[in-house]
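Q: Encoded as structure tokens, here's the structure I'll be asking about.
The values are calculated or read from the model by the stated rules, or taken from the named source; none is laboratory data. On a predicted model such as this, the values are computed, not experimentally measured, just so you know. Don't worry about glycine lacking a Cβ; one is built from the backbone with ideal geometry, like all the others, and counts go over all protein chains shown.
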């Protein structure tokens, strides 16, 4: 059986004279040469340029991230401050409204007390002791004592309602700011003996005036 003869089968390719050892060939069968220095320098410059561009992009991203974080911080500050101010202002409005109501009530009571005190001082000043005679001395004295006692009652009532009349400073924001609270606190701190003495101090002028009036009446009846 015969076959085609190939002359290259018996030729050692390594012994051929014009073939360079350890050479590489491209896909098209051509050899690849080593890069020149200019090409390497160009590649290096291109790499530096790419790195510089990446650094510029990174810096821009860092600035953008910092701006976003600052915006987020300001938004959180806005939301927290808004909620805080709403709570504080709402609470402040409620406290001021209550204080205004109490102040208006105290002002009304103080105005009424001023009217009563002015009326009392006018009545006391209107007493003309010089016009008393021997005949009406007892009656006028009784009437004058009654006027003075009524003025004293007005004064004591005003002192209980308004501590400033006793030289005390008003304390805001306490339960004793109301007149009823001050009166209850004043009377509640006294024992039974002190309350009896206080009642006697308030009522003895009235009792004295009644005794004088009774004495005057007895004297008039005795003359008859």
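Q: Please indicate, with yes or no, whether at least one residue in segment 125-134 is modelled with pLDDT of 60 or more and in contact with a helix residue (DSSP H, G or I) (Cβ under 7 Å, 6 or more places away or on another chain). Show your work before the answer.
A: The initial filter retains those residues of segment 125-134 that are modelled with pLDDT of 60 or more, namely 125-134.
Keeping just the survivors that are in contact with a helix residue (DSSP H, G or I) (Cβ under 7 Å, 6 or more places away or on another chain) gives 127, 132.
For segment 125-134, residues modelled with pLDDT of 60 or more and in contact with a helix residue (DSSP H, G or I) (Cβ under 7 Å, 6 or more places away or on another chain): present.
Q: In segment 130-140, is there at least one residue being surrounded by 11 or more Cβ atoms within 10 Å (Cβ to Cβ) and not in a helix (DSSP H, G or I)? I'd like the intermediate steps shown before the answer.
A: If we filter segment 130-140 for residues that are surrounded by 11 or more Cβ atoms within 10 Å (Cβ to Cβ), which is where we start, we get 132, 136-140.
Subset that is not in a helix (DSSP H, G or I): 132, 136.
There is at least one residue in segment 130-140 that is surrounded by 11 or more Cβ atoms within 10 Å (Cβ to Cβ) and not in a helix (DSSP H, G or I).
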